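Just below is one structure, and these are the notes that go with it.
Quick note: the coordinates plus some simple rules give every number you see, no bench work behind them. Just so it is clear, the structure is predicted and the values come from calculations on it, not from any experiment. As a convention, Cβ positions derive from the backbone with ideal geometry for all residues, glycine included, and neighbour counts pool all protein chains shown.
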Amino acid sequence: MPSQANRALPKGYQLQNYKIAKQLSGGGFSIVYLAHDENGAAVAIKEYLPSQLALREEGALVQATTAENLATFRYGMKCFFEEGRALAKISHPNVVRVINFFRANETVYMVMRYERGKTMQEEITSRKRVVKESFIRRVFAELLNGLREVHTHKILHLDIKPANVYIRLDGSPVLLDFGAARQTLTSEKSKLSPMYTPGFAAPEQYKNRDILGPWSDIYSVGASMFSCLAGLRRRPPTSV
């Protein structure tokens, strides 16, 4: 099914008590914005907007592309909302902090603490020297501490890769852009395109999704370490 071009909310748009500053990123599942709350504090807002199912052409409201897609869109919205609810219960320095989640414009928004820095992928790419073992050991040790907290709350990430690990200005990592809602939507509605990253996804993410578990994330951590040690010059081999 072809994806459609979704229009982002405009600069200055008032979304509850948040004012949109600009779009930070966009993909097939969501759009992320930089915004400010009523006190001027910066936040990142993730909008549920799967391009295979829904479309915003004008205005703010999101609409399913077809009547057939409406039920699938709403199911994914429920999963996204529940993911936000679960993540809001986690307070760990190495896991993205969800501070609010709400429904608006016929979709769902997840408000997160805005972090300053760059992704691990950008950090390694910008280095002109070989990635040191000490960097890998420190970053991934902290990352695994955060992941343990995530798993303790019975949440899976399901999209761990260097592009989804953020390195703050102080060098500490934070795990962001959880893919559990995307994976659940795909597994329930097989007509959608797969939502995983080849090379970083565990074998069960391609098939046998009923056996997904914490081990699936651990596989992705290992694949991410491999990629980092290779200086991102090689993607890990596909697991199937």
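Of note:
- Prolate/oblate/rounded call for region 198-240, Cα gyration tensor, a/c under 1.5 rounded: oblate
- Placing unit charges on the Cβ atoms only, positive for Lys and Arg and negative for Asp and Glu, gives region 117-229 a dipole magnitude near 260 debye about its Cα centre.
- Charge-dipole axis of the chain as Lys and Arg at +1 and Asp and Glu at -1 on Cβ define it, positive-most pick from Val150, Tyr109, Cys79: Val150
- Size of charge dipole - region 14-113 - debye, nearest 20, with Cβ of Lys, Arg +1 and Asp, Glu -1, no other charges: 340
- Each of the peptides 47-53, 120-126 was scored by the mean count of other Cβ atoms within 10 Å over its residues; in descending order, highest first, they stand as 47-53, 120-126.
- Seen against the Cα atoms of the chain and their longest principal axis, helix 133-152 is set at about 50 degrees.
- Across region 91-104, rounded Karplus estimates of 3J(HN,Hα) from the backbone phi angles (6.51 cos²θ - 1.76 cosθ + 1.60, θ = phi - 60°) give 10, 9, x, 10, 10, 3, 8, 8, 10, 6, 7, 7, 9, 6 Hz, Gly and Pro being marked x.
- Relative compactness, region 117-229, computed as alpha-carbon Rg over 2.2 N^0.38 Å: 1.09
- The amide H of Gly26, built 1.01 Å from its N in the peptide plane, has Val32 as neighbours under 5 Å, considering only residues 5 or more places off or on other chains.
- Of the residues Thr125, Ile218, Ala35, the one whose Cα sits farthest toward the positive end of the charge dipole of the chain, with +1 on the Cβ of Lys and Arg and -1 on the Cβ of Asp and Glu, is Thr125.
- Approximate spin-label separation Ala42-Arg233, in nm, with each point projected 7 Å along Cα-to-Cβ: 3.4
- Rounded to the nearest Hz, the phi-derived 3J(HN,Hα) couplings of region 42-54 under the Karplus curve 6.51 cos²θ - 1.76 cosθ + 1.60 (θ = phi - 60°) are 6, 9, 10, 10, 9, 9, 6, 7, x, 5, 7, 10, 9, where x marks glycine and proline.
- Relative contact order of region 14-113, defined on C-alpha pairs under 8 angstrom at six or more residues apart (%): 22
- Relative counts (whole %) of C-alpha pair distances in region 14-113, using bins that are 5 Å wide: 2, 13, 23, 25, 20, 11, 5, 2, 0
- As a proxy for reagent exposure, ranking Phe178, Phe102 by other Cβ atoms within 10 Å from fewest up yields Phe102, Phe178.
- Under 13 Å between alpha carbons - lysine pairs in the chain that sit 8 or more apart or on different chains: 4
- Distance histogram for the chain (every C-alpha pair counted, 5 angstrom bins, percent rounded to whole numbers): 1, 6, 14, 17, 19, 18, 13, 8, 3, 1, 0
- Each Cα pair under 8 Å and six or more residues apart adds its sequence gap; the mean of these over the residue count of the chain is a relative contact order of 15 percent.
- Charged-residue dipole, Cβ positions (Lys, Arg, Asp, Glu), the chain about Cα centre, Debye nearest 20: 640
- Extended-chain gain in nm, criterion 0.36 nm per residue less alpha-carbon gap, Glu122 and Ala67: 15.8 nm
- With respect to the chain, whose longest principal axis is taken over its alpha-carbon atoms, helix 214-229 is tilted by about 60°.
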